[in-house]
Amino acid sequence: MTSLKDRYKRTIDYLRISITDRCNLRWVYCMPSDGLIPLEHKEILRYEEIIRIVRIAAEIGVRRVRITGGEPLVRRNVTHLISSLRNMEGIKDLSLTTNGILLSGLAKKLAESGLKRINISLDSLRPDRFKEITRGGDLNLVWKGIEAAEEAGLAPIKLNVVPIRGLNSDEIGDFAKLTLKYPYQIRFIEFMPFGTEGLWSPERFISVEEIKSIVESVGTITPVNVKRSGPAVYFRLDNAPGMIGFISPISNHFCKECNRLRLTADGKLRPCLFSETEIDLKPSLRGGAPDDEIERLIKLSIEVKPRGHNIGIRSSELWSLMKNKECSRRPMSRIGG
Ligand code: SF4
């Protein structure tokens, strides 16, 4: 079977696809308070273009696809895309990340279209706070969405939480306790310095080590071996049906095992989250280029994939990174979380 290796001998088999830059929430950490001017409709890749890219990528070694946004469920006919990708030769795993707001009405259709599992971003369990940090979101809708996903048989259900000191860090224990009641995977992800100049600071950053010590105050946790866990390291509280995952992109980054490429909603392949390098596929896609040319561009984006980032957790390094604006100038909503 074909596989794609980069110059650091990493196998690149995972494509994260942002299908829209639009979102029905305005998270404080991924969008400025006055929102963003959405990309023009014509700038956004059509489903047929995305499907073509995935087909060509699968022919040369991509095996896993995740649909992201913005918020992917705000794009019309997302189920059409799912059903087109579900049986594509070579693709072994298809997943989607959502904020859950529209999920209750779509979970069943997504499952029927062939989606097997889902990740939901959720940063507070308190309705008032959720409303504040999403600038207006209704937590109740997200819970309905999670229930609908469970009923539709999407599994595992992963809830992604970004603990931010002074914002939601006092809820780490409450999130961990959810696993005592539900079979969900609660995944704590370190806060990354993206598009959040007003919010991000080293003081707000909480390392996985610290998050884990807070979780341990809830109860004893035991490591769990999870197949295809990606960068997450999993644990379980005693007798819990659910699991707790820790993801440390900053304090203990996983660049050595990085297997991913990102495709932005406007058709740019982005080899690394922390690099501004992008390979624009759209001119070739729309200029009548043959598959060989698209394949060449995908391979090029793998050739230029950097070794990774060198951010440590020392405050000075993080501040200098922010000042020098080495971190991404594209907000997360435009890259795909
Ligand atoms: S920083 Fe770049 S190389 Fe490292 S894990 Fe993220 S995308 Fe991969």
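The values are calculated or read from the model by the stated rules, or taken from the named source; none is laboratory data. Every value quoted in this text rests on a predicted model; they were computed, and no experiment measured them. Note: ideal-geometry Cβ built from the backbone for every residue, glycine included; neighbour counts use all protein chains shown.
General observations
- Restricting the range 245-295 to residues that are part of a loop (DSSP other than H, G, I, E, B), away from the ligand (no atom under 13 Å from the Cβ) and of a type in the set (A, V, I, L, M, F, W, C), the residue that is surrounded by the fewest Cβ atoms within 10 Å (Cβ to Cβ): A289
- Tabulated pairs, the range 246-274, first closer than 27 Å to I172 by Cβ and without any contact (Cβ under 8 Å) to a residue 40 or more places away in the chain, second more than 8 Å from the ligand (Cβ to nearest atom) and assigned to a loop (DSSP other than H, G, I, E, B), C-beta under 9 angstrom, 6+ apart or interchain: F254/G230; F254/S248
- Qualifying residue in the range 43-51 (condition: within 23 Å of L269 (Cβ to Cβ) and free of Cβ contacts under 8 Å to residues at least 24 places away in the same chain): yes
- Scanning the range 221-239 for residues that are out of contact with any strand residue (DSSP E or B) (no Cβ under 9 Å at 6 or more places or on another chain), at pLDDT 95 or above and either away from the ligand (no atom under 16 Å from the Cβ) or closer than 30 Å to L300 by Cα (or both) turns up at least one hit.
- Selection status of S301, at pLDDT 95 or above, hydroxyl-bearing (S, T, Y) and part of a helix (DSSP H, G or I): yes
- Condition check for I50: more than 26 Å from I164 (Cβ to Cβ), under 18 Å from the mean Cα position of the chain (by Cα), crowded, with 19+ Cβ neighbours inside 10 Å and among the aliphatic types (A, V, I, L, M): yes
- When the range 87-137 is limited to residues that are among the acidic types (D, E) and out of contact with any helix residue (DSSP H, G or I) (no Cβ under 7 Å at 6 or more places or on another chain), the one that is surrounded by the most Cβ atoms within 10 Å (Cβ to Cβ) turns out to be E132.
- Among the residues of the range 191-214, those identified as at pLDDT 95 or above and among the charged types (D, E, K, R) are E209, E210, K212.
- The lone criterion from (1) assigned to a loop (DSSP other than H, G, I, E, B); (2) surrounded by 18 or more Cβ atoms within 10 Å (Cβ to Cβ) left unmet by S33 is number (2).
- Among the residues of the range 111-126, the ones that are farther than 22 Å from R187 by Cβ and either of a type in the set (K, R) or part of a helix (DSSP H, G or I) (or both) come to 2 in all.
- Condition check for K305: within 13 Å of the ligand (Cβ to nearest atom), touching a residue at least 12 places away in the same chain (Cβ under 8 Å), closer than 30 Å to S213 by Cβ and of a type in the set (D, E, K, R): no
- Tally, over the range 1-27, of residues that are buried (at least 18 other Cβ atoms within 10 Å of the Cβ) and either touching a His at 6+ places or on another chain (Cβ under 8 Å) or closer than 27 Å to G136 by Cβ (or both): 11
- Taken over the range 179-198, the criterion of being more than 18 Å from S248 (Cα to Cα), crowded, with 19+ Cβ neighbours inside 10 Å and of a type outside the set (S, T, N, Q) is satisfied by Y184, G195.
- Within the range 264-295, being of a type in the set (D, E, K, R), at pLDDT 95 or above and farther than 18 Å from I67 by Cα holds for E278, D280, K282, R286, D291, D292, E293, E295.
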